[in-house]
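The values are calculated or read from the model by the stated rules, or taken from the named source; none is laboratory data. Worth saying up front: this structure is predicted, and the values here are computed from it rather than measured. Cβ placement follows ideal geometry from the backbone for every residue including glycine, while neighbour counts extend to all protein chains displayed. SASA here: full protein model, heavy atoms, side chains in, ligands and nucleic acids out. Shrake-Rupley method; radii C 1.70, N 1.55, O 1.52, S 1.80 Å.
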Amino acid sequence: MAKRILVVEDNDLNRKLFCDVLMANGFEVEPVANGDEVLDTARSVTPDLIIMDIQLPGISGVDLIEAAKRDASLAQIPVLAVTAFAGKGDEERIRLAGAAGYLAKPVSIMPFMNAVKELV
């Protein structure tokens, strides 16, 4: 059975690219553009991995990662943070929130897929 990945990305082009690449590699995807829908969607689809944009309108991806890690039904799902936040200390702050992986945008396909495969 194909692994399911929740793709949280507010940018339409990035979300489509991530989903297309993942589907081409045999994964099922559940795209989410709105940060407010992330936790409910994750609970309903129980993904094997969450790919989380950090810079979302209205809510921080870091806050969503922390909330997921506090939720017993979501805590074991690995999170791959994909973000334009690539400054000093950003990766450490995002990993401390609970992210199992971290990629800085712009993302190349091979490192992206390697990170995904490592976490599922």
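Couple of notes before you dig in:
- The trypsin sites (Lys or Arg not before Pro) found in region 36-120 that occupy coil by DSSP, while having at most 15 further C-beta atoms within 10 Å, are K88.
- Helical contribution to [θ] at 222 nm, DSSP H n ≥ 4, -39,500 (n - 2.57), averaged over the chain, rounded to 500: -12000 deg cm²/dmol
- Accessible area of S60 (1.4 Å probe, protein heavy atoms only, ligands and nucleic acids ignored): about 40 Å².
- Label positions at D36 and A104, each projected 7 Å from the Cα along the C-beta direction, are separated by 3.3 nm.
- Residues in region 14-34 reached by a label modelled at S44 [backbone nitrogen below 15 Å; 7 Å Cα→Cβ]: 30-34
- Most mobile listed residue (V82, V32, V45) in the chain, GNM with C-alpha springs under 10 Å: V45
- Once the chain from L17 to N114 is taken as fully extended at 0.36 nm per residue, the excess over their C-alpha distance is 33.3 nm.
- Considering only the chain, percent of DSSP beta bridges that pair antiparallel, nearest 5: 10 percent
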